[in-house]
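Below is one structure; the comments refer to it alone.
The values are calculated or read from the model by the stated rules, or taken from the named source; none is laboratory data. Everything numeric in this text was worked out from a predicted model, so none of it was measured. Don't worry about glycine lacking a Cβ; one is built from the backbone with ideal geometry, like all the others, and counts go over all protein chains shown. Heavy atoms of the whole protein, side chains included, go into the accessibility calculation; ligands, DNA and RNA do not. Shrake-Rupley method; radii C 1.70, N 1.55, O 1.52, S 1.80 Å.
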Amino acid sequence: MAEVRKQSVLSGCWPCEILCHPFRWRFSVSLPSLQDSNAGVFYVSVVEGLALLDLGVSPYSGAIFHETPLIIYLFHFLIEYAEFVFMITDVLTAVALYLAIQDFNKVVFKKQKFLIELDKYAPDVAELIQTPMEMHYIPLKVALFYLLNPYTVMSCVAKSTCAINNTVIAFFILATIKGSAFLSAVFLALATYQSLYPLTLFAPALLYLLQRQFIPIKLKSKSFWLYTMQYTALYLCSLVVVICLSFFLLNSWDFIPSVYGFILSVPDLTPNIGLFWYFFAEMFEHFSLFFICVFQINVFFYTIPLAIKLKEHPVFFMFVQIAIISIFKSYPTVGDIALYMAFLPVWSHLYRFLRNIFILSCVLVVCSLLFPVLWHLWIYAGSANSNFYYAITLTFNIGQILLISDYFYAFLRREYYLTHGLHLTRQDGTEAMLVLK
């Protein structure tokens, strides 16, 4: 049965993306606003970088190419098969997510069984316990949620290199859930090398691996610090190796300011679905450095408090952190959104606790439809301006923030009910209401 489901995942992707291939040019023209208006992840910049490389000129000598050296050398050999590269990466991402969630469900089921045997759950929460039947099709749903997501299809059709980043992150998640510290550190180093922000996934990966090794998460524990240092060393050594390999390929360090400086300093203010471009386009130059620091800190700021609150639930922590990256990174794409949305079926048991899921879903759908409309009115018809487009961008990102907040609240609420019971009462016997503070 597992093999049949894997084959169905593979067969479900190809028709969808191959059928969209003839419309690639049309997508690139009509939906630049929704996809990759920024130079950091657009395949056109890779082609231009390759042209410069073939002429013996450094691809980082201008302000066009901002991808990593490994990407340009990958496409140097696969430029004739670029469309298949992006389709294959999406399939690999789906397969990696399928296998990762399959293993994660086994761990969740064993943990539930263990806690039930120890009477850690309240007696009236049987309806909150996940059953094997409910968990059986979750891996398949995750894979299909990724493959059939319109955001994934648009990203593939537009040939966004974000698909490669998603594949690396998916294999990092798979290696982490499998318990392989070495492969987890290697893939995390590759993800960090590609787009910098996956650095924040170090904390949930470490917490999960510590749990797999039954090492207590206590600051006074020697085993905790020993394992942390080992994983950190593996991660840093992998990152140094990849960066040195990039230097030997180009015989230059020019890629560091062109790739990572570009991500951090946000010089390209081309409109996209992110929060940075409009804000810094309207700002006085002497204030920009301070606010760039404030905006960039957003991605990293939530890692420590989330690590403290969710130290017993590192996979949910990882999901939240991936969502935060996709919202607050300097050059987001719809491919980033597709990755964290693929995890929504994993938390299907939280639906009864979600408060605004219908309204937020409508907001995201309507904003997605309005992006190309307002882009056309602004750029082509001239009957609108950047304020209209940024208003939709702001609404779209607020919708994502509220969606993740809703899932976070629902997760904490369910965990509280599991230990305290569904029917809460005050000391005087009256019914109590759970309030998140």
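Among the residues of segment 342-364, are any closer than 27 Å to Leu128 by Cα, more than 20 Å from the chain's Cα centre (by Cα) and hydroxyl-bearing (Ser, Thr, Tyr)?
Within segment 342-364 (the criterion being closer than 27 Å to Leu128 by Cα, more than 20 Å from the chain's Cα centre (by Cα) and hydroxyl-bearing (Ser, Thr, Tyr)), the answer is yes, since at least one residue qualifies.
In segment 162-191, which residue that is open to solvent by 10 Å² or more (accessible area, probe 1.4 Å) and of a type outside the set (A, V, I, L, M, F, W, C) is nearest to Tyr235 (Cα to Cα)?
Ser180
Report every pair of residues separated by at least 6 positions or lying on different chains whose Cβ atoms are under 8 Å apart, first residue within segment 129-141 and surrounded by 15 or more Cβ atoms within 10 Å (Cβ to Cβ), second part of a helix (DSSP H, G or I) and among the aliphatic types (A, V, I, L, M).
Ile129/Ile116; Met135/Val108; Ile138/Ile101; Ile138/Val346; Pro139/Leu97; Pro139/Leu99; Pro139/Ile101; Leu140/Val9
Could we say that Arg413 is of a type in the set (Lys, Arg), in contact (Cβ under 8 Å) with a residue 24 or more places away in the chain and open to solvent by 20 Å² or more (accessible area, probe 1.4 Å) here? Talk me through it step by step, then tell me what you get.
On the way: of a type in the set (Lys, Arg): yes; in contact (Cβ under 8 Å) with a residue 24 or more places away in the chain: yes; open to solvent by 20 Å² or more (accessible area, probe 1.4 Å): yes.
Spelling it out, Arg413 is indeed of a type in the set (Lys, Arg), in contact (Cβ under 8 Å) with a residue 24 or more places away in the chain and open to solvent by 20 Å² or more (accessible area, probe 1.4 Å).
Residues being under 25 Å from Pro332 (Cβ atoms) and either touching a residue at least 60 places away in the same chain (Cβ under 8 Å) or in a loop (DSSP other than H, G, I, E, B) (or both): count how many of those fall in segment 42-64.
Here the count works out to 8.
List every residue pair whose Cβ atoms lie under 9 Å apart, where the two residues are 6 or more positions apart in sequence or sit on different chains, the first residue falls within segment 87-115 and is closer than 11 Å to Thr167 by Cα and open to solvent by 70 Å² or more (accessible area, probe 1.4 Å), and the second residue, located anywhere, is among the hydrophobic types (A, V, I, L, M, F, W, C) and part of a helix (DSSP H, G or I).
Filtered contacts from segment 87-115: Leu92/Ala170; Leu92/Phe171.
Restricting the search to segment 264-285, which residues are open to solvent by less than 50 Å² (accessible area, probe 1.4 Å) and either aliphatic (A, V, I, L, M) or not in a helix (DSSP H, G or I) (or both)?
Val266, Asp268, Thr270, Pro271, Asn272, Ile273, Gly274, Leu275, Met283
Out of all the residues in segment 71-84, is one or more within 19 Å of Ala175 (Cβ to Cβ), open to solvent by less than 10 Å² (accessible area, probe 1.4 Å) and assigned to a helix (DSSP H, G or I)? Step through it out loud before you land on a result.
Narrowing segment 71-84 to residues within 19 Å of Ala175 (Cβ to Cβ): none.
There is no residue in segment 71-84 that is within 19 Å of Ala175 (Cβ to Cβ), open to solvent by less than 10 Å² (accessible area, probe 1.4 Å) and assigned to a helix (DSSP H, G or I).
Looking at Leu236, Leu206, Leu199 in this structure, which one is open to solvent by 10 Å² or more (accessible area, probe 1.4 Å) and either under 25 Å from Glu83 (Cα atoms) or under 14 Å from the mean Cα position of the chain (by Cα) (or both)? Before you say what the answer is, go through the steps one by one.
Details: Leu236 fails: either under 25 Å from Glu83 (Cα atoms) or under 14 Å from the mean Cα position of the chain (by Cα) (or both); Leu206 fails: either under 25 Å from Glu83 (Cα atoms) or under 14 Å from the mean Cα position of the chain (by Cα) (or both).
Within the list Leu236, Leu206, Leu199, the selection yields Leu199.
Of all residues in segment 143-156 being among the hydrophobic types (A, V, I, L, M, F, W, C) and crowded, with 24+ Cβ neighbours inside 10 Å, which is modelled with the lowest pLDDT?
Applying the filter and picking the extreme gives Cys156.
Can you report the number of residues in segment 182-224 which are touching a Gly at 6+ places or on another chain (Cβ under 9 Å), hydroxyl-bearing (Ser, Thr, Tyr) and at pLDDT 95 or above?
1
Does any residue in segment 260-278 that is under 25 Å from Phe388 (Cα atoms) come within less than 7 Å, Cβ to Cβ, of a residue that is assigned to a loop (DSSP other than H, G, I, E, B) and open to solvent by 30 Å² or more (accessible area, probe 1.4 Å) six or more places away or on a different chain, and which pairs are these?
So the pair list comes out as Trp277/Leu269; Trp277/Thr270.
Give me the pairs: first residue in segment 382-394 and touching a residue at least 24 places away in the same chain (Cβ under 8 Å) and over 23 Å from Leu360 (Cβ atoms), second residue open to solvent by 30 Å² or more (accessible area, probe 1.4 Å) and of a type in the set (Ser, Thr, Tyr), beta-carbon distance under 7 Å, and six or more apart or on different chains, which are they?
Ser386/Tyr278
Quick one: how many residues across segment 304-331 are under 19 Å from Leu196 (Cβ atoms) and under 10 Å from the mean Cα position of the chain (by Cα)?
9
Which pairs have Cβ atoms under 6 Å, sit 6 or more apart or on different chains, and link a residue in segment 246-257 that is more than 17 Å from Leu190 (Cβ to Cβ) to one that is of a type in the set (S, T, N, Q) and modelled with pLDDT under 90?
Qualifying pairs under 6 Å: Asp254/Ser58.
If Pro123 passes every condition in (1) more than 30 Å from Ile256 (Cα to Cα); (2) in a helix (DSSP H, G or I) but one, which one does it miss?
Only one criterion in (1) more than 30 Å from Ile256 (Cα to Cα); (2) in a helix (DSSP H, G or I) is unmet by Pro123, namely (2).
Can you list residue pairs whose Cβ atoms sit under 6 Å apart, with the first residue in segment 195-221 being in contact (Cβ under 8 Å) with a residue 24 or more places away in the chain and the second being assigned to a loop (DSSP other than H, G, I, E, B) and surrounded by fewer than 20 Cβ atoms within 10 Å (Cβ to Cβ)? Count only pairs 6 or more apart in sequence or on different chains.
Filtered contacts from segment 195-221: Leu207/Lys311; Arg212/Gly179; Ile217/Lys311.
Can we say Ile243 is of a type in the set (Val, Ile, Thr), surrounded by 14 or more Cβ atoms within 10 Å (Cβ to Cβ) and within 30 Å of Gly49 (Cα to Cα)?
So Ile243 passes the test.
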